[in-house]
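Below is one structure, written out as structure tokens; the observations come after it.
The values are calculated or read from the model by the stated rules, or taken from the named source; none is laboratory data. Keep in mind the model is a prediction, meaning the values are calculated, not measured. Here the Cβ is made from the backbone with ideal geometry for all residues, glycine too, and neighbour counts use every protein chain on show.
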Amino acid sequence: MAEADLSGGEAAFAFTAPSGSVYEVWLFPAEAALPSAHAGLYRGERLVAEGDGLMPALSARLTAGAEYILRLRGEGRVRVEIARHALSRCYDSPMDIDARGDAYSKAFVREGDAHWYAVEAAESATLALVGVPAEDSVRLTAMLFDDEGRLLSEAIRTAGGACLMDFRPEPGRRYRVRLRSEDGATGLYALRLIRLPGRGAADRVALSAPSLILEGRDTARLTARVSPVGAGGVVYWESSNPAVARVDDAGTVTGEGVGTATVTAYGAGGASDRCLVRVHYVPVSGVSLLSRQIALSVGDDAAIECDVLPGNASDPKLSYSAAPEGIVSVDRGGVLRALREGTATVTVRALDGGLSDALTVRVGPAPRRWRALLVGEQNYASTVASVRTGSVHSVAALRSMLQNLSFSGAKVQIETRLDVTRDGVLAAVRDVFSEAGDGDVNLFYITCHGYYAGGVTCFQMYDGSVLTAAELAAALREVKGENIVLIDCCGSGGVIGASGGTADVLKGIDAVFSGTVGPAAMDTSRFRVLASAALEQDSYRLSFSREAAEPDMATVFARAVCEAGGWSLERSARSAMRADADYDGRVTLNELYVYTARRVMWYLRLTAQLTGAQADYVQTVQVWPEGDGTVVFGRE
């Protein structure tokens, strides 16, 4: 903000617009009589904008990096500001602040920035404005304006770059505060507005001690007495050298380094008192670890807890080293990370004096983590296929069952995706299993319209896109750990090349089969697969209600799998894990297959009886590999 006396002739100011935006020229009266002014803004010899008046004089959209000349003529003295029209950047777009005492954190981003704030008081009470820099480069200054643009007062500046101001606003009037950093420096600061007691700002501040001696990192509390009685107390404490002694808002002084510093307490009106602080050196006499043995698993983090003796030692900083390398890492803050199995020794050493202590870290294998991705396609577009009622219910039931499982105390991390595209399924596989490790278990379940054609199992997505078994297998092969795949759709056995028997074909189920049997996508050691039906079979859904509504409808396969893992769809409640044949609290893939295959056929025979069908429905659950003992479900 510059000043110009227009009575002495034309005043000119050159400047460069830092960004492409709308800028305004503000002229504030700098004397009691209201000045008159004409402003012209030029780029070279070309007039860009002009105007008569003061607040603002003109407005124009300027080009970033372009040089402009502002020419003023008229009568009287004015203060001049060229400001970008944006929130907190100009007089008529200030940021409102209140007197609750909360800190407003902000930053000067560009060199030369100024910020505007507005204060509107509901009562006549003295207010204190305190601006505190958060960076050494920032040294604040503030100006208070009334609602006519006249400068009322300027803030007192402290040696450390803070600014203090007190004023008593008239209720209902709106005031503006312009805050900037000296020399146009950039950086963070905090601003507070504080309501002072009835007597307003203190005329005098007297500290409880003129000097302090601290041993190392000891602390001491300074108190302040203010006069007159009832006036506002200290609003800001400042240390001349925070690297030696720092002080908080309550006047507590803490030693940080050897040397001297001056702590100053300021009242809102600038009244202050000082205390000379001397901090003496206290050497480190010992380093003591709270534990000398730690057991971790690969991937775990742990903080090293260590006492530096005495507690007020001047330099408590520590260094960390681990041997042999590669088993654990230790950062500068003393946080351990287990990298691979083995035993390592971590040495903690004081930088002051070199005293040390050591601990042994034993790293075991990473704990097995269980993740599940459940996908359901139900609300198909009318141009694609019929709505597949029951898919949502099946996914919800599987989720409830998995939520009741526990593997050595670990729960299954479950994600669901409903009505997603082919690309959405593949993206979900990458996302949900992205953090899987070599020892982890990944369970993938999908229920949708499906078919086997041309030697390929295809999954029909709600929008018409098609996901092939080969594409799904390729995505899952990129995932670390064991992949357990549950496929719940017609023709699902094609993912492992499993077809039904001759009797199935004779019952007419071959109508869904087309082409020759192609290569299986998931019959490799990377997969454990349970498919709801053979490649030439339908996969059924059923309801035990007369209405095939969503709350009653679910796939036969999902019903059986949920019962196997300990969840009843009929009661929506936890139940015994029916597939746990040996009662060890775990269900293996083979146990799951044996139970599910029988239970699916039982459901279908019951359905045939209830509906009076001429023949039983046929749906043969398929498994890969047979007899596999991999644990799929557990309650441990």
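Does SER394 satisfy the condition of being touching a residue at least 40 places away in the same chain (Cβ under 8 Å), surrounded by 15 or more Cβ atoms within 10 Å (Cβ to Cβ) and under 21 Å from ARG541 (Cα atoms)? For SER394, the condition - touching a residue at least 40 places away in the same chain (Cβ under 8 Å), surrounded by 15 or more Cβ atoms within 10 Å (Cβ to Cβ) and under 21 Å from ARG541 (Cα atoms) - is met.
Free of Cβ contacts under 8 Å to residues at least 40 places away in the same chain, more than 41 Å from the chain's Cα centre (by Cα) and in a loop (DSSP other than H, G, I, E, B), is that true of ALA39? So ALA39 does not fit the description; no.
For beta carbons closer than 6 Å, sequence separation of 6+ or different chains, a first residue in region 106-123 that is in the same structural domain as PHE167 (by TED's automatic domain parsing) and among the charged types (D, E, K, R) and a second that is surrounded by fewer than 13 Cβ atoms within 10 Å (Cβ to Cβ) and not in a loop (DSSP other than H, G, I, E, B), the qualifying pairs are GLU111/GLY184. The condition (being outside the structural domain of LEU34 (by TED's automatic domain parsing), out of contact with any Ser or Thr (no Cβ under 8 Å at 6 or more places or on another chain) and either closer than 20 Å to ARG84 by Cβ or among the small types (Gly, Ala, Ser) (or both)) is satisfied by just one residue among GLY187, GLY172, GLY160: GLY172.
Only one of the numbered conditions (1) within 29 Å of SER7 (Cα to Cα); (2) part of a loop (DSSP other than H, G, I, E, B); (3) within 46 Å of the chain's Cα centre (by Cα) is violated by SER93, and that is (1).
Only one of the numbered conditions (1) modelled with pLDDT under 95; (2) surrounded by 15 or more Cβ atoms within 10 Å (Cβ to Cβ); (3) of a type in the set (Ser, Thr, Tyr) is not met by TYR68, and that is (1).
Only one entry of THR141, THR126 meets the criterion of being hydroxyl-bearing (Ser, Thr, Tyr) and under 18 Å from LEU196 (Cβ atoms), and that entry is THR126.
Of everything listed in (1) farther than 29 Å from LEU129 by Cβ; (2) touching a residue at least 24 places away in the same chain (Cβ under 8 Å), the single unmet condition for VAL263 is (1). Counting only residues that are assigned to a loop (DSSP other than H, G, I, E, B) and either crowded, with 20+ Cβ neighbours inside 10 Å or on the phi > 0 side of the Ramachandran plot (or both), region 122-148 holds 3 of them. Taking every residue in region 398-421 that is in the same structural domain as ALA385 (by TED's automatic domain parsing) and more than 13 Å from GLY565 (Cα to Cα) and pairing it with any residue that is β-branched (Val, Ile, Thr) and outside any strand (DSSP E or B), at least 6 positions away or on another chain, the pairs with Cβ-Cβ distances below 6 Å are GLU415/VAL432; THR416/VAL395. Among the residues of region 323-366, the ones that are of a type in the set (Gly, Ala, Ser), part of a loop (DSSP other than H, G, I, E, B) and over 25 Å from GLY437 (Cα atoms) come to 4 in all. Scanning region 24-36 turns up at least one residue that is among the charged types (D, E, K, R) and assigned to a strand (DSSP E or B).
Applying the set (1) outside the structural domain of SER314 (by TED's automatic domain parsing); (2) out of contact with any Phe, Trp or Tyr (no Cβ under 7 Å at 6 or more places or on another chain) to LEU290 leaves exactly one unmet item: (1).
The residues of region 478-502 that are of a type in the set (Asp, Glu) and either in contact with a Pro (Cβ under 6 Å, 6 or more places away or on another chain) or closer than 9 Å to ALA531 by Cβ (or both) amount to a single one, ASP488.
The residues listed here are ASP438, ASP431, ASP423; of these, the one that is surrounded by fewer than 17 Cβ atoms within 10 Å (Cβ to Cβ) and in contact with a Gly (Cβ under 7 Å, 6 or more places away or on another chain) is ASP438. Residue count for region 47-68 under the criterion of being free of Cβ contacts under 8 Å to residues at least 40 places away in the same chain and assigned to a loop (DSSP other than H, G, I, E, B): the result is 3.
Matching residues to (1) surrounded by 14 or more Cβ atoms within 10 Å (Cβ to Cβ); (2) closer than 30 Å to ASP423 by Cβ; (3) of a type outside the set (Asp, Glu):
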position: VAL284; (1), (2), (3): yes, no, yes
position: ARG292; (1), (2), (3): no, no, yes
position: GLY299; (1), (2), (3): yes, no, yes
position: ASN312; (1), (2), (3): yes, no, yes
position: ARG340; (1), (2), (3): no, no, yes
position: GLY354; (1), (2), (3): no, no, yes
position: PRO367; (1), (2), (3): yes, no, yes
position: ARG388; (1), (2), (3): yes, yes, yes
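For region 361-391, the set of residues classified as closer than 24 Å to GLY634 by Cα and among the aromatic types (Phe, Trp, Tyr) consists of TRP370 only. Scanning region 230-260 for residues being without any contact (Cβ under 8 Å) to a residue 40 or more places away in the chain, part of a loop (DSSP other than H, G, I, E, B) and within 18 Å of ALA128 (Cα to Cα) gives a total of 5. May I ask you to list the residues in region 17-57 that are in contact with a Leu (Cβ under 6 Å, 6 or more places away or on another chain) and among the aliphatic types (A, V, I, L, M)? Across region 17-57, the qualifying residues are ALA17, VAL25, LEU27, ALA37, ALA39, LEU41, VAL48, ALA49, LEU54, ALA57.
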